[in-house]
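The values are calculated or read from the model by the stated rules, or taken from the named source; none is laboratory data. Remember, it's a predicted structure, so these values are computed and weren't measured experimentally. Because the Cβ atoms are built from the backbone with ideal geometry, glycine has one as well, and the counts that use them run over all protein chains shown.
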Amino acid sequence: MDRPAAKILITRPRDGAERFAMELAQVMPCPMETLISPVLDIAPLPDLLPLEHIKGLIVTSGNGVETLIAKTDRRDLPVYAVGVRTTSAATQAGFKARQMGEDADGLVEGLLRLGPKAPLLHLRGEVSRGDVAQRLSTHGILTREKVVYAQKPVDLSEDAKTLLNGTSPVVLPLFSPRSAKLLAQQVTGIAPRYVVAMSWSVASELPQGWAKTIIIASRADSAAMAKGIAGLFDQDGFIVSP
């Protein structure tokens, strides 16, 4: 019996999706058909950054780094970042960046151990998890927060809907709880769905039974996500049951 060839659908914001598609192509056992259809659009907000009296900055995504680059020429403040990619982006932009964990919990724990000078300013999106500013302030590190970008829901493309309404397996890398929730709300198709999630908190946004298989990446970064996806496929591009 012939096995239907699987396809990969990337639903993160377009810039990140295109970077990930290139990264994924480097580790796949064979060329794969990949479709990009974001369920979120990142829109920077026009407000100025309130940096007076601030002793350090917190960024938990690449979008926070892009905000810093666009809104300030200052490079004297330390930047505390989540994840390798975000830390690297801040460093390359000239900031004195330091990685403080792989997620919000790791960031808070790391900063509590470090005890940096305060107040700090957390640059975040309209929708944010982890209560970073509140948790740090509660434990004695005064932290303010500033919403610097909006995360606007986007409908799946017609090509993505057709794919998800088909019968071929669809592999879905999911990077954030917000994206997972928005995707699940839109998808009613019958295609077998194989999810690689960046964390348990991402996977928890999917309804029970929504995916045929859910794999949690070994680390909260794009390299581990790509490795998790590659591990689903054999040399001919067919799904290998986990």
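Only residues that are within 30 Å of Lys7 (Cβ to Cβ) and either part of a helix (DSSP H, G or I) or among the β-branched types (Val, Ile, Thr) (or both) were counted across region 37-65, and they come to 4. The residues listed here are Val196, Val240; of these, the one that is modelled with pLDDT of 95 or more, outside the structural domain of Ala118 (by TED's automatic domain parsing) and closer than 20 Å to Gln26 by Cβ is Val196.
Considering Thr188, Thr162, Thr213, Thr143, the condition of being within 28 Å of Gly64 (Cβ to Cβ) and over 17 Å from the mean Cα position of the chain (by Cα) is satisfied by Thr143 alone. Scanning region 112-135 for residues that are of a type in the set (A, V, I, L, M), in contact with a Leu (Cβ under 6 Å, 6 or more places away or on another chain) and at pLDDT 95 or above turns up just one, Leu121. Could you tell me how many of the residues in region 214-232 are surrounded by fewer than 19 Cβ atoms within 10 Å (Cβ to Cβ) and either part of a loop (DSSP other than H, G, I, E, B) or touching a residue at least 40 places away in the same chain (Cβ under 8 Å) (or both)? Here the count works out to 7. Report whether or not Arg74 is surrounded by fewer than 14 Cβ atoms within 10 Å (Cβ to Cβ) and either basic (Lys, Arg) or within 18 Å of Pro13 (Cβ to Cβ) (or both). So Arg74 fits the description; yes. Whenever a residue of region 44-65 is within 21 Å of Gly106 (Cβ to Cβ), it has no partner that is among the aromatic types (Phe, Trp, Tyr) and at pLDDT below 90 lying with C-beta atoms less than 8 angstrom away and at least six residues away or across chains.
Outside the structural domain of Val147 (by TED's automatic domain parsing), at pLDDT below 90 and within 23 Å of Thr87 (Cα to Cα): does that describe Asp15? The answer is yes for Asp15. If you check Ala191, Ala211, which single one turns out to be within 23 Å of Val154 (Cα to Cα), in contact with a helix residue (DSSP H, G or I) (Cβ under 7 Å, 6 or more places away or on another chain) and outside any helix (DSSP H, G or I)? Matching residue, one of Ala191, Ala211: Ala191. Taking the listed residues Gln92, Gln151, Gln134, Gln99, the one that is under 26 Å from Ala224 (Cβ atoms) and surrounded by fewer than 14 Cβ atoms within 10 Å (Cβ to Cβ) is Gln92, with no other qualifying.
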